Amino acid sequence: MTVKVSVNFTNCYGIDALAHTFDFSNNNMPVLVYAPNGVMKTSLAKTLKQYANNKEPEDIFFPERESTFRIFDETGAALDRQSIFVIDPIDEKYQSARISTLLASEDLKSRYDQIFGSIAEKKDGLLKNLRKSSGLTKDIDLSIADAFKVKKEDVLVALARLEREVREGAHSAFSVLKYKVLFSDKVIDLLQNADVKALIDDYTKIYEQILDQSSYFKKGVFNHSNAETIAKNLKANGWFDGGHSVNLNHDGERSEIKTDGDLISAIEGEKDRILKDPKLAEMFQKVDGTLTTAELRSFRDYLIENPFVVAELSDIDALKQKVWISYLIENGHEYFELIEEYDSSKEKIRAIIAEAEKEQTQWEAVIALFNDRFSVPFKVQVENKGDAVLNVSAPQIAFYVDDRGGGAARKMDRAILDRGLSNGEKRALYILNIIFEVEARRKAGIETLVVLDDIADSFDYKNKYAIVEYLSDMRANEDFHLIILTHNYDFYRTVRGRLGVYGENKLLSNRLNGALQLIPDSLSDNPFSGWKKNLTDPVVLVASIPFVRNLAEYVGNEVVFGQLTALLHVKDRTKTVSVGELFGMYQSVLAEGSFANFNSLKGAVFDLLMTACIEICEVEDDNLSLEQKIALSIGIRLLAEELLISKINDPVYVANIGNNQTGKLIRKYEKLGGCDAGVLRTIKRVALMTPENIHLNSFMFEPILDMSGHHLKSLFAETRACVDA
């Protein structure tokens, strides 16, 4: 079993360089990667997907740069491309190619194959002969299906229904025609032309008028094709050799025919008399005049050699069927062997299909799992289970939408269903196909590296937890090794807890000197518990202020809440609150002994904060910790408010601001007019990046962790420069 997978990429979809080893050796623990938007998540997934699809990587924006990638296991061997399965955030067109492998009963399939194998062998023999007769080299099943208006899989049923016509030898005269020439795309297009159709209709009317005057033939009852069939049968059965004769009726007079040669001569003579009629010959020339292109030359030659065909062109669908029947007559031995085998096996096949319909398949297990776990306004069913189990056709998934009015669920076409679903519901439907693929790989025992790119985006909580539950199911199978990529910190935290991901398998993405890094996430599930023990670190101390401030608000300590607010917004005492005073505030909110004594720190908290922010900005690595990002955000806001207050220069207005101070200061500054463009641009960036990041709530981690360390450092320096200017 693979326990480690290493990647080495350069210039792949925005990844300048990445070298990392994903370790699954600890009880097949998944690797969980939190990557802020734009850092690397989708680039990594795309590169691995290219590898899985046997394609070369590329750098889309700088295609002139050479792209390389290696993916190998702990032995150094390249990973099998088929063993990588990349799951995109959503692909509405995706369908698992392995769904038909989820069979419940190999015994039924074996019995079906045994019965149908003999039928298939005889069918192949007949089709081989039909290829010679028709001139078609491929898709002969499709051509027969088209002629008899059936599905391709129902060709055998259609052939069986022709048994009587084949036995009677109807239409045998058409066997000399080549289907490929007679019904080429060019010919069909020609016959759809209104002028050509009119000519053929006129030809047919004249032909039928002459036929009505025939000595031997009668329209719709006995034509030259019937006569030729009788002549062949009489000769084949030794009728004339046995001393028998036939009488032909001509205007009430009978003429006796005593040899097969005389009979054939009489038929040919009457046929020539009809086809060489001057009026008919004139119409034929008009039809012939439309066949001027090189592509239609073969068709023209066929009509010259077989002018009786022209009258059949008025009903092209009927002619197609007559030609196929004539081929079957010509290959009667093979045809009747096939039909006999098919008829004798039908009941056995029906019995097996009936058993297959009762089988509990893995499709149903997947569908039951989906219907039970995911919250969507439709239910899923497999409709053609019998045929699908026997691999006669692919499984057909049907969707039924519940009637909120209490009526019966309505079957819904997939295209209509898509129009009525939300993005989250469409994603759930996509997940159904993903589950089919995973279960097929599980059944086949295919060891797979599964890479999931933000699989839970747009989901509500119920469906998000359904995904996490299924990931847990996958993790329990040692054949699946999971790399889970997400930019959603709430999802990251949920997966981390529910799948038991810890240590170096929980990773954060980081850029350093252009290269991408995946570094262990040192953040615990509850960072505040660690912070309380490390408050002598100025950065940690400052970062803890929003936490303690919110606790003071929750417990109703309005005095401390107001005092701590003065350290997050510029108030009268913002720059003079000392560390000693801050310690007293903490004592009034936090239980004695539950946090570290930080009285060793001296001076004003504001000065401590600014010094900490300056030191953070001097760090070369852009991978900042949560506490560093919070400290920078507080520092940026205080500098911005200080700048705005000085520009507004209205102490009374500022003193009366009760809440949302930063936003109100920005709007006041904009209304004053004559704003400094550089200052306004900086302040707008502050409003965009910091206001919601400093308050404690259930989602506080995600926005601030998503914030680039480089951007925060740059914004602090920019705001500080505006204040100093």
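Structure values in brief
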| item | result |
| --- | --- |
| Test: residue in the range 147-162 that is part of a helix (DSSP H, G or I) and within 15 Å of F183 (Cβ to Cβ) | yes |
| S509 vs. criteria more than 20 Å from R81 (Cα to Cα) and not in a strand (DSSP E or B) | no |
| Residue check, G584 at pLDDT 90 or above, over 54 Å from the mean Cα position of the chain (by Cα) and surrounded by fewer than 17 Cβ atoms within 10 Å (Cβ to Cβ) | yes |
| Number of the condition not met by A631 [criteria: (1) buried (at least 17 other Cβ atoms within 10 Å of the Cβ); (2) small (G, A, S); (3) free of Cβ contacts under 8 Å to residues at least 40 places away in the same chain] | (3) |
| Matching residues, the range 579-634, being farther than 17 Å from W531 by Cα, touching a helix residue (DSSP H, G or I) at 6+ places or on another chain (Cβ under 7 Å) and not in a helix (DSSP H, G or I) | K602, G603, D622, N623 |
| Test: residue in the range 474-481 that is part of a strand (DSSP E or B) and under 27 Å from the mean Cα position of the chain (by Cα) | yes |
| Selection status of V579, out of contact with any Asp or Glu (no Cβ under 6 Å at 6 or more places or on another chain) and modelled with pLDDT under 90 | no |
| G497 vs. criteria surrounded by fewer than 19 Cβ atoms within 10 Å (Cβ to Cβ) and either touching a residue at least 40 places away in the same chain (Cβ under 8 Å) or outside the structural domain of T21 (by TED's automatic domain parsing) (or both) | no |
| Residue in the range 675-690 that is modelled with pLDDT of 80 or more, of a type in the set (S, T, N, Q) and within 48 Å of the chain's Cα centre (by Cα) present | yes |
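Yes or no, residue by residue, for (1) surrounded by 21 or more Cβ atoms within 10 Å (Cβ to Cβ); (2) within 17 Å of L508 (Cα to Cα); (3) among the basic types (K, R):
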position	(1), (2), (3)
H20	no, yes, no
N26	no, no, no
V33	yes, yes, no
P36	no, yes, no
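A quick yes/no check of all residues on (1) under 29 Å from G709 (Cα atoms); (2) part of a strand (DSSP E or B):
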| site | (1), (2) |
| --- | --- |
| R419 | no, no |
| N433 | no, no |
| A456 | yes, no |
| Y465 | no, no |
| F491 | yes, no |
| G500 | yes, no |
| L518 | yes, yes |
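Each row is one residue, and each column tells you yes or no for (1) assigned to a loop (DSSP other than H, G, I, E, B); (2) over 22 Å from Q82 (Cα atoms); (3) in contact with a Ser or Thr (Cβ under 6 Å, 6 or more places away or on another chain).
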residue	(1), (2), (3)
A17	no, yes, yes
T21	no, no, yes
N26	yes, yes, no
E56	yes, no, no
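The values are calculated or read from the model by the stated rules, or taken from the named source; none is laboratory data. Note that this is a predicted model, so its numbers are computed, not measured. Glycine also receives a Cβ, built like all others from the backbone with ideal geometry; neighbour counts cover every protein chain displayed.
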